[in-house]
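Structure first, commentary second.
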Amino acid sequence: MEKRFIIILGVVVIALGGMFFLSRDKSDTASVSSSTASVSAHSTGDNAKNVELMVYGDFQCPVCGQFYPVEKQVIDAFKTDIRFTFRHFPLETIHQNARASSRAAEAAGLQGKFFEMHDKLYENQNSWSALSNPLDQFVGYAKLLGMDETKFRADYATESVNATINADLKEGNGKGVSGTPSYFLNGKKLDNGDINTYEKFSAVIQKEIDAQN
């Protein structure tokens, strides 16, 4: 009886050890995946003058929504001369759907429609910001933009999309970003008070273009 008990105990210990190993292996893999994720890669513009305008943005942020029309004017006006790059910086503690909207934009990017979704999210900010679950609204935008709904839903939920957003946040934190929108022109942080109209924003960019040439 005692021998049988020892054998059973040994089997249980081995089984538990195997479960622990598998669990630890999965955890370590997830940790490595998250820590090695690359930042997002969403840029537009020909960059003929070697000038990059980068923004860390939150699609639910009201101030980002106010800057969006000015930003869009500037990007359209300088699309040949500069490169415009967007990084995710969802302020989740104050904006309940910030992470979800970044997921939507990132999922759209996997179908080549990042900036189209970027525009939809800002232009319709008041329609989805207060929803308890905005996914169906985002799916509606995806369909309007000609995306595959099944792929969009699947990509929206993936850990890789989430990890990319986290990588953007980490990079932004490393640059001292604490609020949105935070603009950087060739790596130099801009004061939002200096760029809150099209005329002022354009003048700042033109000055940087002139300095490069």
(message) Within segment 35-47, does at least one residue satisfy the condition of being at pLDDT 95 or above, surrounded by 12 or more Cβ atoms within 10 Å (Cβ to Cβ) and over 16 Å from the mean Cα position of the chain (by Cα)?
(response) yes
(message) Which count do you get for residues in segment 88-105 that are closer than 15 Å to residue 168 by Cα, surrounded by fewer than 23 Cβ atoms within 10 Å (Cβ to Cβ) and either touching a His at 6+ places or on another chain (Cβ under 6 Å) or not aliphatic (A, V, I, L, M) (or both)?
(response) 2
(request) Output the qualifying pairs, or none if there are none: Cβ atoms under 8 angstrom, residues six or more apart or on different chains, first residue in segment 49-63 and on the phi > 0 side of the Ramachandran plot, second residue assigned to a loop (DSSP other than H, G, I, E, B) and acidic (Asp, Glu). (result) none
(request) Among the residues of segment 67-83, count how many are in a strand (DSSP E or B) and surrounded by 21 or more Cβ atoms within 10 Å (Cβ to Cβ). (result) 1
(message) Considering only segment 167-176, I want to know if a residue exists there that is over 29 Å from residue 212 (Cβ atoms) and either surrounded by 17 or more Cβ atoms within 10 Å (Cβ to Cβ) or over 14 Å from the mean Cα position of the chain (by Cα) (or both).
(response) yes
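Among the candidates 201, 152, single out the residue that is closer than 20 Å to residue 83 by Cβ and either free of Cβ contacts under 8 Å to residues at least 60 places away in the same chain or assigned by TED's automatic domain parsing to the domain that holds residue 101 (or both).
Details: 152 fails: closer than 20 Å to residue 83 by Cβ.
Within the list 201, 152, the selection yields 201.
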(message) Every residue in segment 195-211 that is among the hydroxyl-bearing types (Ser, Thr, Tyr) and either exposed (fewer than 15 other Cβ atoms within 10 Å of the Cβ) or under 16 Å from residue 184 (Cβ atoms) (or both), please.
(response) 197
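The values are calculated or read from the model by the stated rules, or taken from the named source; none is laboratory data. The shown structure was predicted, so the numbers you read here are calculated from the model rather than taken from an experiment. Reconstructed Cβ throughout: ideal geometry from the backbone, glycine too, with neighbour counts over all protein chains shown.
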